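Remarks on the structure that follows.
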Amino acid sequence: MREFDFLVLGSGIAGLFFALKAAPLGRVAIITKKDRAESNTNYAQGGIAAVTSKEDSVELHVRDTLEAGAGLCKEAVVRVIVQEGPARIAELMRYGMQFTEREIPSSHGARELDLGREGGHSKRRILHAKDVTGREVERALLAAVAAESNITIFENHIAIDLITSRKLGLGGENRCLGAYVLDKQSGNVETFAAPATVLATGGCGKVYLYTTNPDIATGDGVAMAYRAGAEVANMEFVQFHPTCLYHPKAKSFLISEAVRGEGGVLKTIAGEEFMDAHHPLKSLAPRDIVARAIDSEMKKSGADYVLLDITHKPARFLMERFPNIYQTCLSYGIDMTKEPIPVVPAAHYQCGGVVTDIDGRTGIAGLYAVGEVACTGLHGANRLASNSLLEALVLAHRAAARLAANPPDRARPPIPPWHSGNAHNPDEMVVVSHNWDEIRRAMWDYVGIVRTTKRLERARKRIANLQEEIQEYYWDFIVTSDLLELRNIATVAEIIIRCALQRPESRGLHYTLDYPHPNPEWAQRDTVVRR
Ligand code: FAD
Ligand code: SIN
């Protein structure tokens, strides 16, 4: 049994920022299932949206967020996050984050933060570190964490399940007491106990066959919270990023929306612009609209991809502004300064998640959720680009402040050790990878950008059958991280389908041919599921 004051699951921006804030209050354990930097955060390209320029205002950022959210954002939450964003950005910089700067024109060398533009933003407001913002966030925060003696990071440790008073059969309010965690190297399951546990486990892109997300994004936090009895909401709103690199050898490489922000234009493979027909903002329309337009163009033409053309910009500018995208495309034989980039939409971001209040509190005492795993009400039916890193910073800060002001109850009942099956199964790897592929393909084919009730029902049945099979494996055999992740993607797939079936309308990222229009009665209604 390991005991800490704060147990943080995840080492992306949300987990690290929270840990730094909590360290002065007590001992913090960060559990992370791979290498400490491996996270969605590490791959963030475009940047962090925040009001830092005189041309911009909180009001405009709020308005853009509400507009992208298609009537479902909680305005009070949007206001708090947008308002507090600049202060959190200043702190991030104090922790060592270096954003890209530019020279102020006719200022004799004075510099200011360079601001990028992305879809749905009416102003330039995206702070970035060239096109590798997330890598710089992780570098800076991990360096700050390394300097904190009160924080211990456990790499290659995967949280299996939350430990709650209800699961232990105790009465009273349901309280989170910690988590069971698999040490992937030793194969042992350890018990981590803490009066406050923070889910910062990120999103679930791997539930879909094609995604911009790295392999860690298997929805573990949502699945664990759901099994523990927390409310999960709005999971039908899966954001498909319009422009993932299309190349047979490329796995999950994003072409940042900032490329369109700097003038990149979407074209068919015949070289014709097509976004004019879909939205006045053309290639910079909100993501749901761009992704659907690409999907429709691809279906019309039968092509496997569309093109993103920014060849009209000077080559030097492109190499300087997008060094990572330029080099990566070049490694696949595509010179973006001379030819358009083939792109396709891919699952990118989970707008729903574990329901929390504005301080990250879930419905289970002692359990907080921060970052992409959480559903605070900021994103509504569609997240505005670069608002997620912002949300993670603000909520991590608020959760730590809440815990400082209201220290959690330290008394706890005895926690029994983990019990697992003890059989080894030689077939396991084959079955796990087969089921894994089947879930991801079913979700892509039936629960993708354009949905119908019939396809959702079909997916529901397939996932239910697979879950039965996975359940058998889970209880009989020694747990492995592959099996844990398989169980979690199946659970999250089930939740996405349940939420999608609950919403009899099209709104934001949820588009169904059976109800092609928004229904005003559903404008402020979340789709909530609970186990
Ligand atoms: P993550 O950064 O994903 O971190 C999750 C952590 O939890 C990881 O350390 C992971 O290993 C760990 N973990 C997960 N499950 C377990 C478990 N069971 N046990 C232990 N550890 C676990 N957003 C923006 O605002 N701006 C951008 O420019 C931007 N660009 C993006 C580009 C790409 C390619 C991608 C994929 C996303 C992008 N996003 C962007 C979204 C944004 O990066 C994420 O929403 C954000 O980083 C999530 O941060 P997080 O801390 O909540 O989760
Ligand atoms: C991008 O750079 O296009 C990603 C931005 C985001 O997901 O917010």
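Any read-out appearing in this document is the output of simple, stated calculations on the displayed coordinates, not a laboratory observation. Remember, it's a predicted structure, so these values are computed and weren't measured experimentally. As a convention, Cβ positions derive from the backbone with ideal geometry for all residues, glycine included, and neighbour counts pool all protein chains shown.
Need one number: convex hull volume per residue for segment 269-316, Cα atoms only, in Å³.
With only Cα atoms used, segment 269-316 gives 96 Å³ per residue.
Going down the list Lys33/Lys123; Lys74/Lys461; Lys34/Lys454; Lys130/Lys184; Lys249/Lys338; Lys206/Lys300, which pairs span over 30 Å between their C-alpha atoms?
From Lys33/Lys123; Lys74/Lys461; Lys34/Lys454; Lys130/Lys184; Lys249/Lys338; Lys206/Lys300, over 30 Å: Lys33/Lys123; Lys74/Lys461; Lys34/Lys454; Lys130/Lys184.
Report relative contact order for segment 277-420 in percent, whole number only (criteria: Cα-Cα under 8 Å, sequence separation at least 6).
18
Normalising by the residue count of the chain, find the relative contact order in percent from Cα pairs under 8 Å and 6+ residues apart.
Across the chain, relative contact order equals 21 percent.
Between Ala146 and Asp335, what is the label-to-label distance in nm when each label sits 7 Å out along the Cα-to-Cβ direction?
According to this spin-label approximation, the distance is 3.8 nm.
What full-extension length gain, to one decimal in nm, is calculated for His434 and Glu91 as 0.36 nm per residue of separation minus the Cα-Cα distance?
119.0 nm
Relative to the compact globular guide of 2.2 N^0.38 Å, what is the alpha carbon radius of gyration of the chain, as a ratio?
0.94
Assuming 0.36 nm per residue, please report the length gained on full extension of the stretch His419 to Gln327 beyond their Cα-Cα distance.
Result: 28.3 nm gained on full extension.
Kirkwood hydrodynamic radius for segment 73-180: how many Å is it when counted over pairs of different Cα atoms?
18.2
Give the shape of segment 407-531 as rounded, prolate or oblate, defined through the alpha-carbon gyration tensor: a ≥ b ≥ c are the square roots of its eigenvalues, a/c under 1.5 means rounded, and otherwise the shape is prolate if a/b is larger than b/c and oblate if not.
Judged from the Cα gyration tensor, segment 407-531 comes out oblate (a/c at least 1.5, b/c at or above a/b).
Using the beta-carbon distance between Lys251 and Asp35 and R0 = 22 Å, what value does 1/(1 + (r/R0)^6) give for FRET efficiency, to the nearest 0.05?
0.80
If you take the beta carbon distance between Thr311 and Gln502 as r and set R0 to 30 Å, what does 1/(1 + (r/R0)^6) give as a FRET efficiency, to the nearest 0.05?
With R0 = 30 Å, the Cβ-Cβ based efficiency is 0.10.
Compactness ratio of segment 154-214: Cα Rg over 2.2 N^0.38 Å, N = residue count?
Relative to the 2.2 N^0.38 Å estimate, segment 154-214 comes out at 1.39.
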